[in-house]
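Below: one structure, written as structure tokens.
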Ligand code: UTP
């Protein structure tokens, strides 16, 4: 049986503000090569589409949980785009919940999910799915090349941390603001789940496809490794 691996694919790398079809094609090629060796569970984020809808919904007066639902819908829309790019052997719809994803895994090599419930991000979905699958490994492909001492987009003295433990990660990500919409390198709820389930997590820049491939294969990669 193939080893099962969950990859959280940040919507911000799949769908930044501009047209990204060639990146999606390249990512799909890497994932197709990985699916020969691994059963892939791909949890896709909302990216710029989520950000736009959440901004518009907030301006129209929606509460945060309703805005979260917009984020969940856009993550599923993005997952559908990845399904198209992946071609065959893929469960044809984003699974709505973990039971559906796990049963789809009995028949397909690639399963996608988007968000599930308000109050967290797709990183937390990926961590929960990895826990349900009893995985000891999770890969988070995001828009920064690892965990920094503070937000590198706001603090020029921020330093990348190549390796850290669950508690230090929790300390760093707990400082993030709440509310709908993407804002932190790794969701605090996801950090709690990887700690309780002892899931080693690799955080890589998803645009660095070589590092993404190496992280999945358990080889050296550029990014941050989170362990117990
Ligand atoms: P993302 O998972 O895309 O946020 O969810 P992110 O990880 O911070 O951003 P990227 O994609 O890596 O850039 C987008 C929004 O959708 C809602 C939340 O509001 C979240 O901020 N969401 C998503 C949920 O409420 N529940 C979910 O399970 C997933």
**OP:** With no solvent and one equal point scatterer placed on each C-alpha of the stretch 1-98, evaluate the Debye formula and give log10 I(q)/I(0) for q = 0.11, 0.16, 0.19 Å⁻¹, two decimals.
**Re:** -0.36, -0.70, -0.92
Original post:
Any idea how far the Cα center of the stretch 78-111 sits from the one of the stretch 20-49, in Å?
Top reply: 12
Original post:
Can you sort 117, 107 so the residue with the fewest Cβ neighbours within 10 Å comes first?
Top reply: 107, 117
Original post:
What fraction of the DSSP beta bridges in the chain is antiparallel, stated in percent and rounded to the nearest 5?
Top reply: 15
Original post:
Ranked by Cβ crowding within 10 angstrom, fewest neighbours first, how are 224, 122 ordered?
Top reply: 224, 122
Subject >> the chain, helix-only ellipticity at 222 nm - DSSP H runs n ≥ 4, -39,500 (n - 2.57), divided by all residues, nearest 500 >> reply: -13000 deg cm²/dmol
Original post:
Tell me, what is the Rg over Rh of the stretch 86-228, with Rh the Kirkwood radius over Cα pairs?
Top reply: 0.96
Original post:
Which log10 I(q)/I(0) values, to two decimals, does the stretch 68-117 give at q = 0.13, 0.29 Å⁻¹ under the Debye formula with one point per Cα?
Top reply: -0.27, -1.07
**OP:** Would you mind ranking 161, 30, 172 so that the residue whose beta carbon has the fewest other beta carbons within 10 Å leads the list?
**Re:** 30, 161, 172
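Readers should treat all values here as calculations from the given coordinates under stated rules, not as data from a laboratory. Source: prediction; values computed, not measured. Backbone-built Cβ (ideal geometry, glycine too); neighbour counts: all protein chains shown.
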